[in-house]
Amino acid sequence: TTRSIVVLMVIATGTAGVLGVQLAQRAADPALVASAVAVVCAANIGLPFAVHAMARSLRRELSEVDRDALTGLFNRRAFVREVVGLTRTPTSPDARLVVVMIDIDDFKRVNDTAGHAAGDQALIAIAQILRAQSSMTAVIARYGGEEFAIADILSDDEASELAQKLCHRLAAVASPSPFTASI
């Protein structure tokens, strides 16, 4: 934290000052004293900043590890973890954990006839539809190549309504090679 860095800088400055005084008393060479103090300062002040920067970078990368690079949805591992968290959410008596698995039928045909760039655009469009049709509490993931999953706490009626909306919206995705989805 920033507070830790400030504390370390104060300690480093004090250490460098003590070292400088001790060396000045023992050494006759002022250049040696100055360079020794500079090395101690650089090591003690620079190292905490480097560690802090590295920790921030790793934290950012770890948050990206849970996401599918193409769609921005959770990946399979993160989906499972988030669903476990979802099951701990207090619910009403008629609500249950609903997991909707979506498989894009014959998606290979889209890639084969229109190219992988068109397939990628279709996957991005599918992810946008899944986000738009799901509630804010839903956990949405790209579960595999052209497989997606949505988990949420819903009533039976809400689950049926979600599946119907998804079928209609996914069938309307603009793609050079039309496709359907199995839900």
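The values are calculated or read from the model by the stated rules, or taken from the named source; none is laboratory data. Nothing here was measured: the structure is a model prediction, and the numbers come from that model. We place every Cβ from the backbone using ideal geometry, glycine too, and count neighbours over all the protein chains shown. For the accessible areas, the whole protein counts, side chains as well, though only heavy atoms, and no ligand, DNA or RNA atoms are used. Shrake-Rupley method; radii C 1.70, N 1.55, O 1.52, S 1.80 Å.
The table below lists the values:
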{"quantity": "Selection count, segment 133-183, where residues are in contact (Cβ under 8 Å) with a residue 60 or more places away in the chain, hydrophobic (A, V, I, L, M, F, W, C) and assigned to a loop (DSSP other than H, G, I, E, B)", "calculated": "2"}
{"quantity": "Options Val83, Val98; residue that is at pLDDT below 95, touching a Leu at 6+ places or on another chain (Cβ under 9 Å) and outside any helix (DSSP H, G or I)", "calculated": "Val98"}
{"quantity": "Test for Arg96: is it open to solvent by 70 Å² or more (accessible area, probe 1.4 Å) and over 30 Å from Val6 (Cα atoms)", "calculated": "yes"}
{"quantity": "Test: residue in segment 58-66 that is in contact (Cβ under 8 Å) with a residue 12 or more places away in the chain, in a helix (DSSP H, G or I), out of contact with any Lys or Arg (no Cβ under 6 Å at 6 or more places or on another chain) and open to solvent by 80 Å² or more (accessible area, probe 1.4 Å)", "calculated": "no"}
{"quantity": "Residue satisfying all of: in segment 55-97; more than 28 Å from Ala118 (Cβ to Cβ) and acidic (Asp, Glu); farthest from the chain's Cα centre (by Cα) among these", "calculated": "Asp94"}
{"quantity": "Residues satisfying the stated conditions in segment 67-93, i.e. surrounded by 11 or more Cβ atoms within 10 Å (Cβ to Cβ), closer than 28 Å to Ser175 by Cβ and of a type in the set (A, V, I, L, M, F, W, C)", "calculated": "Leu70, Leu73, Phe74, Ala78, Phe79"}
{"quantity": "Yes/no for Arg109 being assigned to a helix (DSSP H, G or I), free of Cβ contacts under 8 Å to residues at least 60 places away in the same chain and either open to solvent by 70 Å² or more (accessible area, probe 1.4 Å) or closer than 19 Å to Ser134 by Cβ (or both)", "calculated": "no"}
{"quantity": "Candidate set: segment 161-183, residues that are open to solvent by 30 Å² or more (accessible area, probe 1.4 Å) and among the hydroxyl-bearing types (Ser, Thr, Tyr); chosen: the one farthest from the chain's Cα centre (by Cα)", "calculated": "Thr180"}
{"quantity": "Checklist (1) over 21 Å from Asn75 (Cβ atoms); (2) part of a strand (DSSP E or B) applied to Ala117, failing item", "calculated": "(2)"}
{"quantity": "Matching entry among Gly46, Gly72, Gly115 (being on the phi > 0 side of the Ramachandran plot, out of contact with any Pro (no Cβ under 7 Å at 6 or more places or on another chain) and without any contact (Cβ under 8 Å) to a residue 24 or more places away in the chain)", "calculated": "Gly115"}
{"quantity": "Test: residue in segment 27-42 that is in a loop (DSSP other than H, G, I, E, B), modelled with pLDDT of 80 or more, open to solvent by less than 60 Å² (accessible area, probe 1.4 Å) and touching a helix residue (DSSP H, G or I) at 6+ places or on another chain (Cβ under 6 Å)", "calculated": "no"}
